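The values are calculated or read from the model by the stated rules, or taken from the named source; none is laboratory data. Values in this document were obtained by computation on a predicted structure and should not be read as measured data. Here the Cβ is made from the backbone with ideal geometry for all residues, glycine too, and neighbour counts use every protein chain on show. Heads up: the accessible areas ignore ligands, DNA and RNA and are worked out on the full protein's heavy atoms, side chains in. Shrake-Rupley method; radii C 1.70, N 1.55, O 1.52, S 1.80 Å.
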Amino acid sequence: MTIQFDRRFVLMGLTAAAVPLPAWAQGLEDRVAALAAQYQPKVVAWRRDIHQNPELSNREVRTGKLIAKELKRMGLSVRTGLAGNGVVGVLKGGKPGPAVALRADMDALPVEDKTGEPFASKAMGEYEGKAVPVTHACGHDAHVAMLLGAAEVLSQVKADIAGEIVFIFQPAEEGPPKGEEGGADVMIRDGALDNPKVKSIFGIHVWPGKPGELLYRPEGFMAQTDRLEIQLKGVQTHGSRPWDGVDITALAADITQTINQITSRRLNITKEPTVVTISIMEGGLRYNIIPETLRLAGTMRTFSKARRDETIDKVTKAVEQLAASYGATAKVEFTMNAPLTYNDPQLSKEIFPVLVKAAGEGKVSDKATLITGGEDFAEYQKVVPGVFCFLGIAKPGEDPEKIPPNHSPYFNIYEPAMEVGVRAHALAALFMLTRA
């Protein structure tokens, strides 16, 4: 297919203030920019191929093989099979030095693709025993493509690089299926940050922001996430005689409303954002039978241990007390998915002018608002200093507040913005090598 680009967009910002790099790296800045532009069509092609062939968490077999093949072609040392389908590529520079890492996630979501694009996903998969449509509704296809692009760019200048760059392609960022393990913590356990020993790490997530804009903040940035499961048990009865049993469908509705009131009325959300959402209600087999059991599931987002503990306590007590008032029982379980995404304060400060070079003057902010979305990139930040930022992918002229968000079936990206992501990855890696 023919792919056209708005060159006025992708070339902007290349005259930004000088990046604080040593002599060996300063000469690479213009080459990185030129190579990012050169490989942009390939980055787009990768993104569209991965988008048409999405795979759910812990099922990223084809994606992993594609990544490994491309990294080997670039001359990188490649390890596969980490955390199941994870891939790590190591680019060894021509000069001695430390090691730093760049990371992308690989998995798609059980969401129907309604973008209408010619490369829209028609894939189906299985999620927790159910047949589901699958698509990259969170942008991980772009993440993989941008990191492959950065690897392509940096492999062309490796003779001048002092140190090693580790490219981490991680499965199951969205969380492994129930009963399985996977994600960043398993990648770390399997040695993603070892051999060579990584000193710092950088990552990017696409987001409905202005095209090519980079957003982040030092310290706490994205929420800690927990999975909530509530198992209800009542007494089954005929739908025409609810008084002969215990109506747990009514109880489930009461629980949902009560949880909503806890987060809006019993927690001071002016001090710290807190979200608890019930997104799954499962139970019942027939329209005229009130079931014996029912399952609720959802997610909790907090920004501190104290608030997490407080919210768990209030929700658990409220659910158990409500169940008892109905004559039912309730089992409440919270399981952490990802810790707080915490951007290292010093690295956040030092990397700012580097990101300005990648995106352009006025296109970078380190004062982003707190994000109630979560990211297991935080697991890497528990081991080494790291910075995680957002890349705006709205089309020029679009209102980012009005376009479909991540996880929407209509979520899509403005592909020229990926060139900014490639530049940001490459320049961030070169910079981190100088301070490791």
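Among the numbered criteria (1) outside any helix (DSSP H, G or I); (2) surrounded by fewer than 21 Cβ atoms within 10 Å (Cβ to Cβ), which one does Gln346 miss? Gln346 satisfies every listed condition except (1).
Assess whether Met281 counts as being farther than 30 Å from Arg217 by Cβ, touching a helix residue (DSSP H, G or I) at 6+ places or on another chain (Cβ under 8 Å) and either modelled with pLDDT of 95 or more or outside any helix (DSSP H, G or I) (or both). When the stated conditions are applied, Met281 passes them. Sort out which residues of the stretch 397-424 are farther than 20 Å from Val44 by Cβ and open to solvent by less than 30 Å² (accessible area, probe 1.4 Å), and write them in order of number. Matches in the stretch 397-424: Ser408 only. Name the single residue, out of those in the stretch 312-342 being of a type in the set (Val, Ile, Thr) and in a strand (DSSP E or B), that is surrounded by the fewest Cβ atoms within 10 Å (Cβ to Cβ). The selected residue is Thr335.
Residue under question is Lys357, and the condition is that it be open to solvent by 40 Å² or more (accessible area, probe 1.4 Å) and on the phi < 0 side of the Ramachandran plot; does it hold? When the stated conditions are applied, Lys357 does not pass them. Of all the criteria given as (1) modelled with pLDDT of 65 or more; (2) under 28 Å from the mean Cα position of the chain (by Cα); (3) in a helix (DSSP H, G or I), the one not satisfied by Glu55 is (3).
Within the stretch 109-158, the set of residues being open to solvent by 30 Å² or more (accessible area, probe 1.4 Å), polar (S, T, N, Q) and farther than 23 Å from Gly209 by Cα comprises Gln156 only. Set side by side, the residues Ile230, Ile204 differ, and just one is assigned to a strand (DSSP E or B), modelled with pLDDT of 95 or more and farther than 16 Å from Thr335 by Cα, which is Ile204.
Scanning for something at pLDDT 95 or above and assigned to a loop (DSSP other than H, G, I, E, B), does the stretch 149-156 turn up at least one residue? Yes; the residues of the stretch 149-156 include at least one that is at pLDDT 95 or above and assigned to a loop (DSSP other than H, G, I, E, B).
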